[in-house]
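Working notes, structure below.
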Amino acid sequence: MNTHQSLRASDLLFPVPRSIEDREGAYRLHRTTTIAASPPFEGVADTAAALLGCKRGGEDILFKYTEGLDDEEYRLSISKVQVVITATTKRGAFHGLSAVRKLALINDAILPACKISDKPTFIWRGFMLDCCRHFFSVDFIKKLLDVASLFGLNRFHWHLTDDQGWRIPIDGWPNIQEVASRRTELQYTDGRTYGRLYTKEEIAEVQAYAHDRQIIVIPEVETPGHVSALLAAYPEFGCTGGPYEVQDRWGIFNEVLCAGNDAMLTFFEDAIAQVATLFSDPYIHIGGDECPQDAWEQCPKCQARMKNEGLTEERQLQSWLTSRISAMVHANGKQPIGWDEVLDGTEAMGLPDDLIVQSWQGIRGGLEASRRGHQVIMSPNTVGCYFDYRHLDSEEEMGNLGVSTLTQVASFTPTPPEMDEKAKGMVLGAQGNLWTERVLSARQAEYLLFPRLQLLAQQLWNPQDGDDNLKRLDLLVQYCEKLDLHCYRGAAK
Ligand code: ACM
Ligand code: ZN
C-alpha cells in the first residue's frame, strides 16, 4: 500500500463498510481526546475511553443517539475537529467505535476524515473455539474476542465438552472435576494429565468481556455423542457401564449416552440448569454430531426405551434425546442449537420448532433444516468455514482433515444459489469453526484463524466479490501485525 492510499479511510477499513465517502483532512487521536455520549450510550463511551486510551468529558468523540436506525446500524462522521458516531442501539454505537479503533490502529492514530453509513447483512456472525482438545487460557479467549469484535463478529460459540475433556464446572457432580476435566497424557510416563475446568469466575469474566464488545456467548454441551469424558466420570451413563476413559486420541467413538438410562437424564437436567445459570445469553448448543448407534443396538435399556416410545430404529433414539435435552434447555428459558445430524431419524419424534440447526456437513443440513422451517447457522466444512483445515493443500501446512483456502472464504456466502428465497430467509448467518485436535498452542490457533476469520467477517457483514477481498490481504496481514496475531501469509489457493 502506498502512502497516498493509506490516508483514505476507504482503503483502511475491513470489513468494507456499506457506504463510505472519503473527505479531506484527518482527526488525530491523542491522550487528551475526550469522549461524551447520549444517555443510552454511556456504557459504550466508557468502553471507548478504555479501548482508545482517551478520557470521558468533552465532545471530541461523541456517541449520539438517534431514533430509527436498524439494530446494529451506525453512522460515523470524522472531520478535522470531531468524531461523531450516531446509532439507535448500543450494538450500532459499538460498531461505530470499532471503525474508529481500526482506523487508529492501522494508521498510527490518524483518523482520515470520512462519512460512513453502515450495518451488517447477517445477524449471526460467529466463530467457534474448541477448548476441549486444547485448553485455551482466558487471556487468549479475550484476545480473540477483542479481535473478533473489531471485525464485526458478534457470536462466540464456546465448545466446552467433548471426548477429550469437559470444561464446565457442575456442582454436586465431583467426578466432573476429578475425572472428566483431565485427560491422561499417555505419551509421557510420569502420570501427567492435560486440561482443567474453567472456573465460574473465568466463565463470568469471559462473558463480561464479550458483552462489553456486544458479543453473545453460546456454550456447547455435547449430546449424545462425543461424551467419553463424561462417561469416564460417570460410567453408569453409558450403555455398557464402562470402564471408559477421557480419550487421548482423536476421532468418533462408539461410547455414547445410554438413551435408556434415566440417571443420565437426571444429570443433564441438573447440568443444563447449571449451565443456563452460568451463561446469561439466550442459547445453549446441545451438540448432536457424530453419534454412532452401535452401543444402542446392543443395549437392553436402549432397546426397552425404543419399545416404550414406539421407536422402530436406533437412529430415532437420537431425535428422542434431542427432544428431551431441548426440553431441558427450554425449561431454563433458553433456545437450543444442534449440529445438522439432529435432522436424522426424526420421523417419529420430530424436532422442537425453535431448534436452530447448524449446517456443517456441507450445505445440505442447511437446505433441509430451512425447508423444514428451522432457523439455520451455516458453517459448511466444504466451502471454507472449517479453520482447522489447512490453508493450502500442502504437507508443509499445519491443519487437519481438509483444506479451506483463502479463496474459498473470500467468496463464501451463507446463502448459496442452491437455496430458494424461503430457505435463504431462514439463514441467520454463519460461523467459522476451529477444532483443535492438532492445535498445540494459542499461536498455532492464530495461524489457522487469520486471515480467514477476517475474510469471513467481511462476507457476513457486507459480502464482496471474492477477488476484491483477496486484493486486501496485505491490509489484513497488517492488521494482524498490529494486533500481535500470527497469521498465514501464503498463497490464496
Ligand atoms: C463437527 O465438525 N463434528 C461438527
Ligand atoms: Zn443404552
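The values are calculated or read from the model by the stated rules, or taken from the named source; none is laboratory data. Since we're looking at a predicted model, the values are computed, not measured. Positions of Cβ are backbone-derived with ideal geometry, glycine not excepted, and every protein chain shown enters the neighbour counts. Surface accessibility is based on the protein's heavy atoms, side chains included, excluding ligands, DNA and RNA. Shrake-Rupley method; radii C 1.70, N 1.55, O 1.52, S 1.80 Å.
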**Message:** Filter K55/K115; K64/K119; K55/K143; K64/K115; K90/K482; K301/K334 down to the pairs with a C-alpha to C-alpha distance above 20 Å, please.
**Reply:** K55/K115; K55/K143; K90/K482; K301/K334
**Request:** Would you work out which of T184, G195, A295 lies farthest towards the positive end of the dipole of the chain, given +1 charges on the beta-carbon of Lys and Arg and -1 on that of Asp and Glu, about the Cα centre?
**Result:** G195
**Message:** Once each part is reduced to its C-alpha centroid, what is the distance from the range 26-48 to the range 234-249 in angstrom?
**Reply:** 54
**Prompt:** Name the residues of the range 51-75 whose amide N is less than 20 Å from a point 7 angstrom out from the Cα of T32 along the C-beta direction?
**Reply:** 52-62
**Asked** For the chain, what is the convex hull volume of its Cα atoms per residue in Å³?
**Response** 150
**Dimensions (Å) - the range 45-180, Cα atoms, principal axes, largest first** = 60, 31, 25
**Asked** So which GluC sites (Glu not before Pro) in the range 297-367 are both in a DSSP loop and have at most 16 other Cβ atoms within 10 Å of their Cβ?
**Response** E313, E347
**Request:** May I ask you to derive the relative contact order of the range 349-493, considering only C-alpha pairs under 8 Å and at least 6 residues apart, and to give it as an integer percent?
**Result:** 24
**Asked** If amide H atoms are built 1.01 Å from N in the plane of the peptide, which residues on other chains or at least 5 residues away come under 5 Å of the amide H of F63?
**Response** A36, A37, S38, I85
**Complete:** In order over the range 34-47: 3J(HN,Hα) from phi, Karplus 6.51/-1.76/1.60, θ = phi - 60°, whole Hz, x for each Gly or Pro, gives 10, 10, 10, 8, 5, x, x, 10, 4, x, 5, 5, 4, 4
**Request:** Average the reciprocal distances over every distinct pair of alpha-carbons in the range 148-302, invert the result, and give the Kirkwood radius in Å.
**Result:** 16.3
**Asked** With every protein chain present, what is the per residue accessible area of the range 355-407 (1.4 Å probe, Å²)?
**Response** 37
**Asked** Mean 1/r over all different Cα pairs, inverted: what Kirkwood radius does the range 111-221 give, in Å?
**Response** 15.8
**Prompt:** How high is the relative contact order of the range 127-204, given as a whole-number percent (alpha carbon pairs under 8 Å, six or more residues apart)?
**Reply:** 30
**Selection from G43, W173, S394, by position along the positive dipole direction of the chain (Cβ)** = G43
**Asked** Ignoring ligands, DNA and RNA, what accessible area per residue does the range 129-174 give at 1.4 Å, in Å²?
**Response** 17
**Request:** Tell me which residues come under 5 Å, amide H to amide H, from W124 once H is placed; ignore anything under 5 positions away on its chain.
**Result:** G429, A430
**Item:** Within the accessible area of the chain (1.4 Å probe), percent carbon and sulfur
**Value:** 47
**Stretch gain in nm, segment D294-Q361, where the contour uses 0.36 nm per residue and the Cα spacing is subtracted** = 22.0 nm
**Message:** I'm checking a number: the convex hull volume of the Cα atoms of the range 57-119, normalised per residue, in Å³. What is it?
**Reply:** 79
**Prompt:** For the chain, what is the calculated [θ] at 222 nm in deg cm²/dmol (nearest 500), taking -39500 (n - 2.57) for each run of four or more DSSP H residues and dividing by its residue count?
**Reply:** -10000 deg cm²/dmol
**Derived scalar couplings ³J(HN,Hα) [the range 441-458; Karplus, 6.51 cos²θ - 1.76 cosθ + 1.60; whole Hz; x for Gly, Pro]** = 7, 4, 4, 5, 4, 4, 4, 6, 6, 10, x, 4, 5, 5, 5, 4, 4, 4
**Request:** Find the relative contact order for the chain and round it to a whole percent, using C-alpha pairs within less than 8 Å whose residues are 6+ positions apart.
**Result:** 13
**Asked** From the phi of every residue in the range 304-312, what ³J(HN,Hα) in whole Hz does the Karplus formula 6.51 cos²θ - 1.76 cosθ + 1.60 yield, where θ is phi - 60° and glycine or proline is x?
**Response** 5, 4, 4, 4, 4, 8, x, 9, 9
**Prompt:** Over the range 347-493, one equal point on each Cα, no solvent: what is log10 I(q)/I(0) by the Debye formula at q = 0.12, 0.15, 0.16 Å⁻¹?
**Reply:** -0.51, -0.76, -0.84
**Fill in**
Rounded to the nearest whole number, the per residue volume of the convex hull around the C-alpha atoms of the range 18-68 in Å³ is 113
**Asked** Which of the cysteines found in the chain have nothing to pair with, since no other Cys Cβ lies under 4.7 Å from theirs?
**Response** C54, C114, C131, C132, C291, C385
**Asked** So which trypsin sites (Lys or Arg not before Pro) in the range 71-179 pass both tests, a DSSP loop state and at most 13 other Cβ atoms within 10 Å of the Cβ?
**Response** K80
**DSSP bridge pairs, the chain: antiparallel proportion in percent, nearest 5** = 35
**Message:** Show me the GluC sites (Glu not before Pro) within the range 1-92 that DSSP assigns to loop and that have at most 10 other Cβ atoms within 10 Å of their Cβ.
**Reply:** E67
